[in-house]
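The values are calculated or read from the model by the stated rules, or taken from the named source; none is laboratory data. Given the structure is predicted, the values throughout are model-derived calculations rather than measurements. Neighbour counts run over all protein chains shown; Cβ positions are idealised from the backbone, glycine included. Heads up: the accessible areas ignore ligands, DNA and RNA and are worked out on the full protein's heavy atoms, side chains in. Shrake-Rupley method; radii C 1.70, N 1.55, O 1.52, S 1.80 Å.
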Amino acid sequence: MRFGIFSFVTDEGVRPDVLARGVEERGFDSLFVGEHSHIPADRQSPYPAGGELPAFYYRMYDPFVALTAAASVTTTLLLGLGVTLLAQRDPIQTAKEVASLDHYSGGRVLFGVGAGWNLEEMRDHGTDPDTRGRLLDERLNAMKALWTNEEATFHGEFTNFDRAVTWPKPVQEPHPPIYVGGNSRFAARRAGRHGGVWMPNSVVVPEAVAPMMALRDEVAPGTPVSMFAVGSKDRTLLDAYVAAGVERITLLLGTHPEAKTLDRLDNLAKIVEEYR
């Protein structure tokens, strides 16, 4: 069983390089960081977890900057994007960023993507929320073409380019693994369609693990599952994930200054030690 860490990396918390070194030193295999380009001040979309939107959502580092810092001070740590909001990103530029990070890190990128929940944020990028699923799929396909061909041409509903040449190519072949975030059947199906990994947010109680895996079996049979942002330290929930055969459990680490962050990492390392 592999264990990773997910954290909202901000300008008010621990530096991303310090965090990454601490995560690797304690035996976790991966560090995932999130993305929000901005939070519209007149946001109407409800926060998926309920209640007020936490302050750290407003202060997140750009994930590629944070993970480049992480790559610079680590040697084996996998660098997870959890998740890139590709429906509101340019696919050519994002393909370049992913490939550059994978090349610089020696092939350590896990490319997480999601359709997103903040409708106002999407609209600010010119994205129609009603078509974001189709847009996400198409942009993934366009990026694969750029990664795997010396000269790529792509024509779709939203994305069009002729004879594009972009380097570097990713170290990982044919490209970094694609992790699809989201708890819906659409997300699970998308993971299967792209030959990737389904990365749903953690359930709350052990009894919910079996229905989640049944959904995977229905719409994307055989697709690996990586549990994301597991905030509960309940061993019965961890046991249920292990019994279900998920490939990784990514534990949620709060956003704190350096000393408190490293102390909490120590506590998480003790919890997962028995599963290694």
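A compact table of results
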quantity: Alpha-carbon Rg/Rh ratio, for the range 117-263, with Rh computed the Kirkwood way; calculated: 1.04
quantity: When the chain is reduced to its Cα atoms, the Kirkwood hydrodynamic radius in Å; calculated: 19.1
quantity: Range in the chain, longest, excluding exposed GluC sites (Glu not before Pro) [loop by DSSP; at most 16 other beta-carbon atoms within 10 Å]; calculated: 53-149
quantity: Protein accessible area in the range 234-276, 1.4 Å probe - carbon and sulfur %; calculated: 51
quantity: For the range 131-203, the fraction of alpha-carbon pairs in successive 10 Å shells from zero, as %; calculated: 18, 44, 31, 6, 0
quantity: Globularity ratio of the range 1-157, using Cα Rg and 2.2 N^0.38 Å; calculated: 1.08
quantity: Rg over Rh [alpha-carbon atoms, Kirkwood Rh] for the range 225-276; calculated: 0.99
quantity: Residue of Ala229, Ala66, Ala145 that the Gaussian network model of the chain assigns the largest fluctuation, springs spanning Cα pairs under 10 Å; calculated: Ala145
quantity: Apportionment of accessible area to carbon and sulfur, the range 8-141, percent (1.4 Å); calculated: 48
quantity: Residue-normalised accessible area of the range 1-114, given per residue in Å² at a 1.4 Å probe; calculated: 39
quantity: Other-chain or far-sequence residues with amide H under 5 Å of His256's (modelled H); calculated: Val14
quantity: Amide H within-cut-off set for Thr84, under 5 Å, with H built and near neighbours excluded; calculated: Gly112, Val113, Gly114
quantity: Straight-distance crosslink candidates among lysines, where the alpha carbon sits under 23 Å from Lys233 and sequence neighbours closer than 8 are dropped; calculated: Lys260, Lys270
quantity: Semi-axis lengths, Å, the range 1-90, gyration tensor of Cα atoms, sqrt of 5 times eigenvalues; calculated: 25, 13, 13
quantity: Equivalent ellipsoid semi-axes, the range 68-148, via Cα gyration tensor eigenvalues times 5, rooted, Å; calculated: 25, 14, 9
quantity: Probe 1.4 Å, protein heavy atoms only - accessible area per residue of the range 143-276 in square angstrom; calculated: 48
quantity: Expected 222 nm ellipticity per residue - DSSP helices of 4 or more, -39500 (n - 2.57), all of the chain, to 500; calculated: -11500 deg cm²/dmol
